[in-house]
1. Taking only the range 150-205 into account, find how many residues are in contact with a helix residue (DSSP H, G or I) (Cβ under 6 Å, 6 or more places away or on another chain), over 20 Å from L53 (Cβ atoms) and at pLDDT below 75.
2. Return the total of residues in the range 1-23 being at pLDDT 80 or above and either farther than 13 Å from I170 by Cα or not in a helix (DSSP H, G or I) (or both).
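The values are calculated or read from the model by the stated rules, or taken from the named source; none is laboratory data. Given the structure is predicted, the values throughout are model-derived calculations rather than measurements. Glycine also receives a Cβ, built like all others from the backbone with ideal geometry; neighbour counts cover every protein chain displayed.
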Amino acid sequence: MIEYGKFNDIQLDVLKEIGNIGSGNAASSLAQMIGKTIDMNVPKVDMMRYGDLAEALGGVENLIVGIMIDVTDDLRGTMMFLLQKEFTHEVFNALLGAETRDFSALSEMDLSVIQEIGNILSASYLNAIASLTDLRISISVPAICVDMVGAILSVPAIKYGDIGDEVLLIEGAFTGREDKADIKTKLILILEEASLALLMGRLGVA
């Protein structure tokens, strides 16, 4: 049985390629949604401890948006996008012609827009996995939460605590914006152990 935290270099390279394909799909879909050209850098794929992830997101008390999607059918687990203010600022500016408002005062329309983005991004990554493995993968309606990093990360930690204290982290960056820094996105994917073994077997790196 393959365990989290024990991926070898070949397995991580394969997961990185999936992240690369998914990022390309996500950039294309998001570009169509906001009507602007968007590129994404080759994503960084690695294992990260929950505690380290919290620090990478600005600390446990930093306010962020978490979008959680349940993965079902042949693979079972959870995917979560963790979005910071820089990302939502660009989206609101492009779609609504408005600056990012305080995270604690987002309207229903604001949350609906972010939820749809989460749906697009998650489908892009999981479709990449499905196309490479011929697995049937379904996703739930995205659940969105605006809260502190510590509270958001506690949800998958409690749900999958028996698997381990590490998650698969795919860190991407939207780029190609003149005179502006790249906007980073963080995605965590947690699969049940049997699903992880199935995925690696289909990819030929079990």
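1. Within the range 150-205, residues that are in contact with a helix residue (DSSP H, G or I) (Cβ under 6 Å, 6 or more places away or on another chain), over 20 Å from L53 (Cβ atoms) and at pLDDT below 75 number 0.
2. Final tally of qualifying residues: 4.
Here's the yes/no breakdown for (1) farther than 20 Å from L196 by Cβ; (2) in contact with a strand residue (DSSP E or B) (Cβ under 8 Å, 6 or more places away or on another chain); (3) small (G, A, S):
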position: V42; (1), (2), (3): yes, no, no
position: V45; (1), (2), (3): no, yes, no
position: Y50; (1), (2), (3): no, yes, no
position: G59; (1), (2), (3): yes, no, yes
position: I64; (1), (2), (3): yes, yes, no
